Amino acid sequence: MKGIYTILLLIVSNVFMTFAWYGHLKLQEMKVIAHWPLFAVILFSWSVALLEYTCQVPANRIGFVGNGGPFSLMQLKVIQEVVTLIVFTLFSTLAFKGETLQWNHLAAFVCLVGAVYFVFMK
């Protein structure tokens, strides 16, 4: 169960992270924060990123083999990167209608799936 909890927390964490890093661009496009000064946008993003950390840190602690979890440090990092790209891809294609998936994006994802395979290989 620790592996499932870890992955679920990483997914939630990456939703917050993606919104903190790129959500302000959508909010600006929607004219919600179009006239905010940069420091206000940064503070807004930091507040969202705090929520990201409240999921990311426990995910790593629960999932790390040194704490009784199922994943090595390298495995945790590769899982996190794959989750990040999946969440970002969904976010960018749903929130930003001009962004489309290209063949080279899919080829890169195949390479990442290969990375997951190799990092878990004994």
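The values are calculated or read from the model by the stated rules, or taken from the named source; none is laboratory data. Owing to the predicted nature of the structure, the values given are computational and were not obtained by experimental measurement. We place every Cβ from the backbone using ideal geometry, glycine too, and count neighbours over all the protein chains shown.
In this structure, does Leu90 turn out to be assigned to a helix (DSSP H, G or I), free of Cβ contacts under 8 Å to residues at least 12 places away in the same chain and more than 16 Å from the chain's Cα centre (by Cα)?
no
Here is a yes/no grid of residues against (1) at pLDDT 95 or above; (2) loosely packed, with under 12 Cβ neighbours inside 10 Å; (3) within 22 Å of Thr84 (Cβ to Cβ):
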{"site": "Tyr22", "(1), (2), (3)": "no, no, yes"}
{"site": "Leu27", "(1), (2), (3)": "no, no, yes"}
{"site": "Met30", "(1), (2), (3)": "no, yes, no"}
{"site": "His35", "(1), (2), (3)": "no, yes, no"}
{"site": "Phe44", "(1), (2), (3)": "no, no, yes"}
{"site": "Val48", "(1), (2), (3)": "no, no, yes"}
{"site": "Gln56", "(1), (2), (3)": "yes, no, yes"}
{"site": "Ile62", "(1), (2), (3)": "yes, no, yes"}
{"site": "Gly68", "(1), (2), (3)": "yes, yes, no"}
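When you look at Thr100, is it of a type in the set (Ser, Thr, Tyr) and in a loop (DSSP other than H, G, I, E, B), yes or no?
yes
I'd like to verify a number: residues in the range 25-68 that are part of a loop (DSSP other than H, G, I, E, B) and over 13 Å from Thr6 (Cβ atoms), how many?
8
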